Amino acid sequence: MSFHRVAQSDRLTAVAVAAFAASIMASAGCGTAAFRASGPVAGSPQVIVVRDNANGKTVPARAGDRIELILSSSYWRVTGSSAPSVLRQNGPPVPLPRPSSCADIPGLGCTPVRAGFTALTGGKAVITASRSACGEALRCRPGQMRFAVVVIVGK
């Protein structure tokens, strides 16, 4: 085998290994807890979806981007943005449709809630939520009562 073919084969192997490693990291939860749901058009506003697994994390955004916070339980009370001039809440949280995996029993709290935000200008804002119950007559364990995600808005 010639040197050119060996080098080309090594490059292809390296690319395949890198792609495989990236897919494993993403599926194992090593990726970001938020993702851009809109198209990848440079400079256009994006929709960034933030879920329960973003608790304690930092999410980058740009002015004009929309942040959609979706928490998996109706027991969450979204406090809002710590800096409304940087990240404005677009109205009160709203319940989403009950998932089919959630039994139709009152008090389960498994109906998700959504709160929308718009990034206005460069800066830092913290979105917070809290709850005292994690199910009917079920107190939350330590670490389950508070939600916070830091949003860094670039200009």
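The values are calculated or read from the model by the stated rules, or taken from the named source; none is laboratory data. In this text, all values refer to a predicted model and were calculated from it rather than measured experimentally. Every residue, glycine among them, receives a Cβ derived from its backbone with ideal geometry; neighbour counts consider all protein chains shown.
Structure notes:
- Sole exception among (1) modelled with pLDDT of 95 or more; (2) loosely packed, with under 10 Cβ neighbours inside 10 Å for residue 117, by number: (2)
- Given (1) in a loop (DSSP other than H, G, I, E, B); (2) touching a residue at least 12 places away in the same chain (Cβ under 8 Å), index of the condition residue 102 fails: (2)
- Of 128, 121, all but one fail to be more than 18 Å from residue 65 (Cα to Cα) and out of contact with any Asp or Glu (no Cβ under 8 Å at 6 or more places or on another chain); the exception is 128.
- Residue within region 44-52 that is at pLDDT below 90 and either part of a loop (DSSP other than H, G, I, E, B) or crowded, with 16+ Cβ neighbours inside 10 Å (or both) present: yes
- Residues in region 70-109 that are over 19 Å from residue 48 (Cα atoms), more than 18 Å from the chain's Cα centre (by Cα) and surrounded by fewer than 17 Cβ atoms within 10 Å (Cβ to Cβ): 97, 98, 99, 100, 101, 102, 103, 104, 105, 106, 107, 108.
- Checking each residue in region 47-90 for being of a type in the set (Gly, Ala, Ser) and over 23 Å from residue 145 (Cα atoms) picks out 61, 63, 64, 85.
- For region 68-82, the criterion of being at pLDDT 95 or above, assigned to a loop (DSSP other than H, G, I, E, B) and either of a type in the set (A, V, I, L, M, F, W, C) or in the same structural domain as residue 143 (by TED's automatic domain parsing) (or both) is met by at least one residue.
- Qualifying residue in region 136-149 (condition: among the small types (Gly, Ala, Ser) and touching a helix residue (DSSP H, G or I) at 6+ places or on another chain (Cβ under 6 Å)): no
- Across region 124-155, the number of residues qualifying as in a strand (DSSP E or B), under 16 Å from residue 53 (Cα atoms) and not small (Gly, Ala, Ser) comes to 8.
- A search for C-beta distances below 6 Å between a residue of region 144-155 that is under 22 Å from residue 73 (Cα atoms) and any residue that is hydroxyl-bearing (Ser, Thr, Tyr) and not in a strand (DSSP E or B), counting only pairs 6+ apart in sequence or on different chains, returns nothing.
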